[in-house]
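Written out below as structure tokens is the structure these notes cover.
Rule-based calculations on the coordinates, nothing more; no lab input. Quick caveat: nothing in here was measured; it's all calculated off a predicted structure. Here the Cβ positions follow ideal geometry from the backbone for every residue, glycine too, while neighbour counts run over all protein chains shown.
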């Protein structure tokens, strides 16, 4: 195999593994602690002007933090200040508190009818979602469309969003910190839309919004109440397997079909 062929095979292996974008020109070891340079001290005769200039300037008292939580609290304040969905969309697009935004191509917020009674919340954008700026438009999204069609729904009758509006590099799972930072935005979406039924697509969104530790296998197939102080009433909420999981584990489609029929009945009874 020639050198060119070897490089081509390596790139194909990277793409198959999910590494399909470059975020720097050289590799970095993120596990090593950076070495901080020791400050260089110079001596000056006591009482001289040089000695006075050598003294570090007095630091002003640090400004009090707005509240504990750092970027997550900033997102909370930003989200709660939005009175409309349009304001929230703009606020998310201009938010700089999550590092994922720097490696993403687009901010992916929502799709469908925000006045629809049914709202679906997935996990994070994938490669195709990041390119198009819309949730669930890749292979998993095509399967989700078929799942909705099976219970006489489509994107014009639901609203779809994700826990994270930015794609994690290489489609890796989002960290707990990233979820905590972005969660106030999706919760505010729920408050503004006030859906009748909430469907959590995948384990990440289910555990985050239900505040549960169990995996999706145990969370699916049951109904919960999602509530915040700004909601008029608790929202009936359930969880289903993510379509990306169903593409890998077709045997789980049997349980998902039962979940979809249950969701169809719930919607029919509430409307």
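Within the range 106-136, the residues that satisfy the criterion of being farther than 24 Å from residue 245 by Cβ and more than 14 Å from the chain's Cα centre (by Cα) are 113, 114, 115, 116, 117. Of the residues contained in the range 156-169, one or more are found to be touching a strand residue (DSSP E or B) at 6+ places or on another chain (Cβ under 9 Å) and surrounded by fewer than 20 Cβ atoms within 10 Å (Cβ to Cβ).
When you check residue 150 against the structure, is it loosely packed, with under 14 Cβ neighbours inside 10 Å and farther than 18 Å from residue 189 by Cβ, yes or no? So residue 150 fits the description; yes. Where helices (runs of 4 or more DSSP H) fall entirely within the range 179-271, those with at least 2 residues that are farther than 26 Å from residue 139 by Cα and over 18 Å from the mean Cα position of the chain (by Cα) are at 253-270.
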